[in-house]
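The values are calculated or read from the model by the stated rules, or taken from the named source; none is laboratory data. Model, not experiment: these values are computed from the prediction. Every residue, glycine among them, receives a Cβ derived from its backbone with ideal geometry; neighbour counts consider all protein chains shown. Keep in mind that these areas ignore ligands, DNA and RNA; they rest on the heavy atoms of the full protein, side chains included. Shrake-Rupley method; radii C 1.70, N 1.55, O 1.52, S 1.80 Å.
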Amino acid sequence: MRKQISIFALTNTGSSVKHITVSRTFIFCLSLFILIGLVSVGFVLYDYVTAKQIAVNAHNFERKNSVQQEEIFEQRRQIQNLADKIEAFKTKLTSLKKFEKKIRVIANIEKSDDLNDFLGVGGPNPEILKTKIQVTKKHNSLIREMHEQLEQFDHAAETQKNDFETLAKKLEHQQNILASTPAIRPISKGWISSKFGYRVSPFTGRKELHKGIDFATRKGNPIFATADGLVTFSGTKGWLGKAVIIDHGHGMSTRYGHACKLLKKRGDRVKKGDVIALVGSTGRSTGSHVHYEVRLNGISVNPDKFILN
């Protein structure tokens, strides 16, 4: 009896209704079973909560990874767009180089460097960038090629800048030479009454070199400077009568004789087409005209070789 436990169920009046007798072993096993059950339920609940948290974390990670993957794809698309712009920039630089070459040909300005080289950069032209790469693939090789070509473009742009500066200076020099070249007639109306070369002098009757061209025209008509220059003489000069001499630089000068009135004085700067005097018949002259000379390094040359109009 000491190893058993009795359980009585009583009514409100205290009288016994039911009597149960169990052993201590049964009570121990029942308690152990309940404890094991509670522990098992606890483990199940813990595993459930843990699994749910893992699932939530996995979902968040997947969503974050998806966002990052989309950002990577967008960055790769931007890299491709930048590569396309580099290709377009390369085309424009190449066109610029061809344009420079065309200008040099037109202006007859040669360049010692090989114009076939890409923008002044030695070696073959850079390869075309392969921009049509799937965004799911790595772009390491494309990025490396872009960096290499950008370094080439930096050097090419600097070279192109120097080339254009040199070209601009040479064109300016040629423009100055052109502006200083007597390329127009000294009168707007009239005709040639005596050409450059040997002729019989109307004054001496002997054959002598006529060092210029005589343009016959009405007295008082304007005489134009045939090129830019500096007036070095304005006054009466022997058989030329009233005359103007202009130094155009580069060893070239012009003379205008037999004027009736001088409009420029020594030291004046004149431009091509400026009126410098009026036609007359002063000095050794048989009629109203202008005697026009061109001298190169002090030697008289045929003015007709320079006149373009």
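In table form, for the structure just shown:
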item	result
Per-region count, segment 238-258, residues over 19 Å from D228 (Cβ atoms) and open to solvent by 30 Å² or more (accessible area, probe 1.4 Å)	3
Exclusive hit being surrounded by 10 or more Cβ atoms within 10 Å (Cβ to Cβ), in contact with a strand residue (DSSP E or B) (Cβ under 8 Å, 6 or more places away or on another chain), farther than 20 Å from E145 by Cβ and small (G, A, S), set S40, S66, S23	S23
Qualifying strands (runs of 3 or more DSSP E) (wholly inside segment 229-283; at least 2 residues being under 20 Å from N297 (Cβ atoms))	229-236, 242-249, 252-262
Test result for G205, part of a loop (DSSP other than H, G, I, E, B) and without any contact (Cβ under 8 Å) to a residue 24 or more places away in the chain	yes
Count - residues of segment 221-234 that are surrounded by fewer than 17 Cβ atoms within 10 Å (Cβ to Cβ) and either modelled with pLDDT under 95 or aliphatic (A, V, I, L, M) (or both)	1
Options K265, K261: the member that is more than 48 Å from the chain's Cα centre (by Cα) and open to solvent by 10 Å² or more (accessible area, probe 1.4 Å)	K261
Qualifying positions in segment 278-302 - among the small types (G, A, S) and closer than 18 Å to F224 by Cβ	G280, S288
